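Participant: I have a structure I would like to understand better, so I am pasting it below and will then ask my questions one at a time.
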Amino acid sequence: MAFTQAHWHELIGQGYTVVSDLIDDQRLRSAQDAASHLNAVHPDQGWERTRNELWREIRHCPDPAFEALATGVLEPLASEILETVHSPERIQLASTLPGFETRGGVGRNFHIDGGKQPSLAAFNVLFGVALTPVASNTAGGFHVLPGSHDRFAEMFRSQPPDTPVHWGEVKLAGQQRFLAGARMVVPRLNPGDVIVAHSFLAHGTSANRSDVRRDMIFQRRAAIALCDPVTRAEAREAFMRDHWSFFRIPASVRIACRESLSC
């Protein structure tokens, strides 16, 4: 099993964990080459156009190298973490160029995913695969607010059960409350490391004051019930009120978490 009890304790306790040694050299090199090629042809081949392209993304990037990595590595990993796994899911390429700075506030740099609509586009976990190293707080890396998944979950769970809830507005209110002045953490990553983050974990991108570009690919993973048009309304409601719904948490981990204040 690639996802160990230690990974479960970290995911539950801090909202994220890092899984190493899953990606073989050939898959990693192919993905790195694909990212370099796509950056070389920017803004062609699907890059989003923004006012600040020192942070850039292709939201749906069906490059064969990325798809091979997702199918061969991320799909089996998702099956260890979730009771069921919806497939396929789009792959995002995100690159942070030297000179990128975060300006604070809520938005690209400090947020949780899911949109702003009355029903959030709920999913369970976000996978991020490092294609280049993140060795410092200022290398343009993926940054997170540990424990924020539980704070958002508590806020979602406290909403009245007998009246309609505009989950997008609740989410934005939580971002304003929890993220102002928050001290984000930049997990150290080697090429090929996979960060696994709960979907309620606040995250973003750190400044890149290095002289090299940072490349990562991301993929959301969700239980089938959260995606099926027949079940998703009820499943999303359940997930907003119990943020560990649809996870394959081992019984031993559940017992340990009940007995310990550490997770």
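Participant: Can you tell me which condition residue 10 does not meet? The list is (1) surrounded by 15 or more Cβ atoms within 10 Å (Cβ to Cβ); (2) in contact with a Leu (Cβ under 9 Å, 6 or more places away or on another chain); (3) charged (D, E, K, R), and all the others hold.
Facilitator: (2)
Participant: Out of all the residues in segment 24-38, is one or more assigned to a strand (DSSP E or B), at negative phi and of a type in the set (S, T, N, Q)? Steps first, please.
Facilitator: Residues of segment 24-38 that are assigned to a strand (DSSP E or B), as a first pass: none.
For segment 24-38, residues assigned to a strand (DSSP E or B), at negative phi and of a type in the set (S, T, N, Q): absent.
Participant: While we're on this one: Name every residue in segment 232-257 that is under 19 Å from residue 164 (Cα atoms) and either β-branched (Val, Ile, Thr) or exposed (fewer than 14 other Cβ atoms within 10 Å of the Cβ) (or both), in order of residue number. Steps first, answer last, please.
Facilitator: Going through segment 232-257, the residues under 19 Å from residue 164 (Cα atoms) turn out to be 232-243.
Of everything in segment 232-257, those that are under 19 Å from residue 164 (Cα atoms) and either β-branched (Val, Ile, Thr) or exposed (fewer than 14 other Cβ atoms within 10 Å of the Cβ) (or both) turn out to be 233, 234, 242.
Participant: A further question follows. Residues in segment 56-79: is at least one loosely packed, with under 13 Cβ neighbours inside 10 Å, closer than 19 Å to residue 227 by Cα, out of contact with any Ser or Thr (no Cβ under 7 Å at 6 or more places or on another chain) and in contact (Cβ under 8 Å) with a residue 12 or more places away in the chain?
Facilitator: Looking through segment 56-79, at least one residue is loosely packed, with under 13 Cβ neighbours inside 10 Å, closer than 19 Å to residue 227 by Cα, out of contact with any Ser or Thr (no Cβ under 7 Å at 6 or more places or on another chain) and in contact (Cβ under 8 Å) with a residue 12 or more places away in the chain.
Participant: Next question, about the same structure. Inside segment 185-222, can you point out the residues that are assigned to a loop (DSSP other than H, G, I, E, B) and either more than 30 Å from residue 40 (Cβ to Cβ) or among the acidic types (Asp, Glu) (or both)? Quick ask: steps written out before the conclusion?
Facilitator: We begin by selecting, within segment 185-222, every residue assigned to a loop (DSSP other than H, G, I, E, B); these are 186-188, 190-193, 199-202, 206-207, 209-213, 222.
Matches in segment 185-222: 193, 199, 200, 201, 202, 211, 222.
Participant: With (1) closer than 30 Å to residue 67 by Cα; (2) surrounded by fewer than 22 Cβ atoms within 10 Å (Cβ to Cβ) as the list, and residue 142 as the residue in question, which single condition is left unmet?
Facilitator: Exception for residue 142: condition (2).
Participant: Could you list, in sequence order, all residues of segment 62-79 that are touching a helix residue (DSSP H, G or I) at 6+ places or on another chain (Cβ under 9 Å) and under 19 Å from residue 11 (Cβ atoms)? It would help to see each step written out before you state the result.
Facilitator: Residues of segment 62-79 touching a helix residue (DSSP H, G or I) at 6+ places or on another chain (Cβ under 9 Å): 63-66, 68-69, 72-73.
Within segment 62-79, just 73 meets the criteria.
Participant: Please state which one of 173, 94 is among the aliphatic types (A, V, I, L, M) and over 18 Å from the mean Cα position of the chain (by Cα). Steps first, answer last, please.
Facilitator: On the way: 94 fails: over 18 Å from the mean Cα position of the chain (by Cα).
Checking each option against the conditions leaves just 173.
Bear in mind these aren't lab numbers, they're just calculated from the coordinates by the rules spelled out. Note that the structure is a prediction, hence the values are computed from the model and not measured. For neighbour counting, all protein chains shown are included, and Cβ atoms are generated from backbone atoms with ideal geometry for every residue, glycine included.
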